[in-house]
Amino acid sequence: MKPRINLMNDYNYVAHPAILTALADQQGERFTGYGTDGKTDQAKAAILELFQTPGAEVHFIPAGTLTNLITISAFLRPHEAVIAPATGHIFMHETGAIEASGHKVLTAATDDGKLRPDDIISLVAAHTDEHMVKPRMVYISQTTECGSVYTLAELAALRQACNQYKLLLFIDGARLACAATSSSCDFSLPQMAQLADAIYLGGTKDGMLFGEALVICNPLLQDDFRFLIKQRGGLFAKGFLMGIQFLALLEDDLYLKLAAEANARAASLYEGLTQLGYDFEYVTESNLVIPIINNDQLAGLQEQIDFEIWGYPSANAIAIRFVTTWQTTAAEIQTVFELMTR
């Protein structure tokens with residue numbers, strides 16, 4: 001029997017060798033705690049240069065859910081709510097963390113995981129007075145949880161709607177590198193940062209052990225943010241570990257190279273399954289592939305492949321989500337084809 005294939009997520013490995021080497025190279029060094037060290041300062045400067053946001057603040061937070069929770073709860077007053085697509089991570093996959101912080105998540109159903117200005121307008125119009133929560137933020141992820149990628153025009157339209165209704169725009173970038181290396185990408189990271197009040201570059205899903213780099217672009221949101229990180233349990237004592245990792249990830253654009261490899265494997269998987277006659281929930285634009293199988297195939301695939309069940313489009317159909325990484329091999333993709341040949 002062939003080894004199991006792990007397509008469950010894009011953090012199913014320890015770390016890229018360059019990351020591990022960078023950490024090993026610091027063995028024997030001593031650092032101050034909580035990200036107040038020189039390596040973290042260098043990494044923050046590199047992030048500011050990457051996004052071309054000299055007036056922004058950078059904060060390293062260990063995990064994506066924690067980054068979303070801290071950011072949203074910090075930026076909103078108690079009566080304010082956040083708008084998100086119904087497939088958004090903060091609504092689907094964070095165990096009600098945002099609601100537990102006292103902020104409602106207002107959702108809009110979408111066909112491709114992308115929020116659009118009309119969705120914002122509708123939700124703002126539906127919340128009319130002090131008897132309801134007040135929409136104050138728009139949350140999107142780039143890529144989306146469906147693997148789709150916002151174009152620059154789509155992002156600009158969201159920013160315009162946010163300006164019209166005095167809303168903040170927060171971009172979850174857990175897979176931002178995959179978006180930046182997608183064939184659908186027509187934007188730069190500085191262009192995204194210019195449109196956002198806050199955005200982050202994910203490391204956990206792009207070769208690092210852990211860590212997300214939050215960039216707070218809006219100076220009005222920067223005060224006392226470290227206090228709020230600490231209060232929510234996100235101020236990592238060994239913060240220098242994230243600084244070291246991000247410096248390695250940014251060197252020679254490693255973050256883009258790893259994401260491009262993950263996207264290439266997904267494209268190969270998507271094209272091959274298309275040739276085998278499969279339909280998909282969404283067109284593959286990044287490292288997420290969501291084919292539709294029939295009920296009889298499920299058990300057999302689960303014996304050999306780790307993946308997530310995404311939904312049930314019809315009585316005899318199951319949408320499953322494959323997630324590729326820089327470690328996914330061509331041989332593994334070929335084995336998937338063999339297992340899914342009908």
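None of the figures in this text is laboratory data; all of them are computed from the coordinates on show. All values reported here derive from a predicted model rather than from experimental measurement. For neighbour counting, all protein chains shown are included, and Cβ atoms are generated from backbone atoms with ideal geometry for every residue, glycine included.
Between Val82, Val323, Val124, the residue with the greatest mean-square fluctuation in the GNM of the chain (Cα pairs under 10 Å linked by springs) is Val124.
In 5 Å bins starting at zero, report the fraction of Cα pairs in the range 64-156 per bin as a rounded %. Computed distribution, short to long bins: 2, 15, 25, 24, 20, 10, 2, 0.
How about the range 250-324: which chymotrypsin sites (Phe, Trp or Tyr not before Pro) there are in a DSSP loop, with at most 16 other Cβ atoms within 10 Å of their Cβ? Please list the in-between numbers first.
On the way: sites: Tyr255, Tyr270, Tyr278, Phe280, Tyr282, Phe307, Trp310, Phe322; in loops: Tyr278, Tyr282, Phe307.
Taking the range 250-324 and a limit of 16 other Cβ atoms within 10 Å, the loop chymotrypsin sites (Phe, Trp or Tyr not before Pro) found are Tyr278.
Using a Gaussian network model of the chain in which every pair of alpha carbons under 10 angstrom is joined by a spring, one finds that among Ala213, Ala174, Ala15 the greatest mean-square fluctuation is at Ala15. Summing Lys and Arg as +1 and Asp and Glu as -1 over all other residues whose Cβ lies under 13 Å from the Cβ of Arg342 gives a net charge of -3. Near Glu212, the amide H atoms lying under 5 Å from its own belong to Ile61, Ala63, Gly203; only residues 5 or more places off or on other chains count, and H is placed 1.01 Å from N. Compared with the alpha-carbon gap, the fully stretched path from Thr151 to Tyr165 is longer by 2.9 nm at 0.36 nm per residue. With both labels modelled 7 Å from their Cα along Cα-to-Cβ, the Tyr278 to Asp252 distance reads 3.4 nm.
More than 36 Å apart: what percent of Cα pairs in the chain qualify?
Numbers: 12136 of 58311 pairs.
Result: 21 percent of Cα pairs exceed 36 Å.
For the options Leu258, Leu221, Leu241, a Gaussian network treatment of the chain with springs between C-alpha atoms closer than 10 Å singles out Leu221 as fluctuating the most.
Looking at the range 17-253 only, what percent of DSSP beta bridges run antiparallel? Nearest 5 please.
Close to 40 percent.
For Leu169, the amide hydrogen comes within under 5 Å of the amide hydrogens of Val138, Asp197, Ala198, counting only partners 5 or more places away or on other chains and with H modelled in the peptide plane. Taking amide hydrogens as placed 1.01 Å from N in the peptide plane, the amide H of Tyr282 sits under 5 Å from those of Ile290, each at least 5 positions away in sequence or on another chain. Along the range 264-271 the Karplus relation, 6.51 cos²θ - 1.76 cosθ + 1.60 evaluated at θ = phi - 60°, assigns HN-Hα couplings of 5, 5, 5, 4, 5, 5, 5, 5 Hz to successive residues, with x for each Gly and Pro. In sequence order, the range 220-233 has phi-based couplings of 6, 9, 8, 4, 6, 5, 5, 4, 6, 4, 4, 4, 8, x Hz under the Karplus curve 6.51 cos²θ - 1.76 cosθ + 1.60, θ = phi - 60°, and Gly or Pro positions carry x.
Would you give the gap between the C-alpha center of the range 91-155 and the C-alpha center of the range 161-239, rounded to a whole Å? So the two Cα centres are separated by 16 Å.
Could you work out the longest stretch of the chain that avoids the GluC sites (Glu not before Pro) located in DSSP loops with at most 13 other Cβ atoms within 10 Å?
Numbers: sites that count: Glu29, Glu130.
Excluding the exposed sites themselves, the longest stretch runs over 131-342.
For the range 321-330, backbone phi angles converted through the Karplus equation (6.51, -1.76, 1.60; θ = phi - 60°) give residue-by-residue couplings of 10, 9, 10, 9, 9, 5, 8, 5, 9, 4 Hz, Gly and Pro being listed as x. Checked against a 25 Å cut-off, the cross-linked pairs Lys44/Lys166; Lys39/Lys114; Lys134/Lys205; Lys205/Lys257; Lys230/Lys257 give Cα-Cα distances beyond that limit for Lys44/Lys166; Lys39/Lys114; Lys134/Lys205; Lys230/Lys257.
With contacts taken as Cα pairs under 8 Å and at least 6 residues apart, the range 17-253 reaches a relative contact order of 30 percent.
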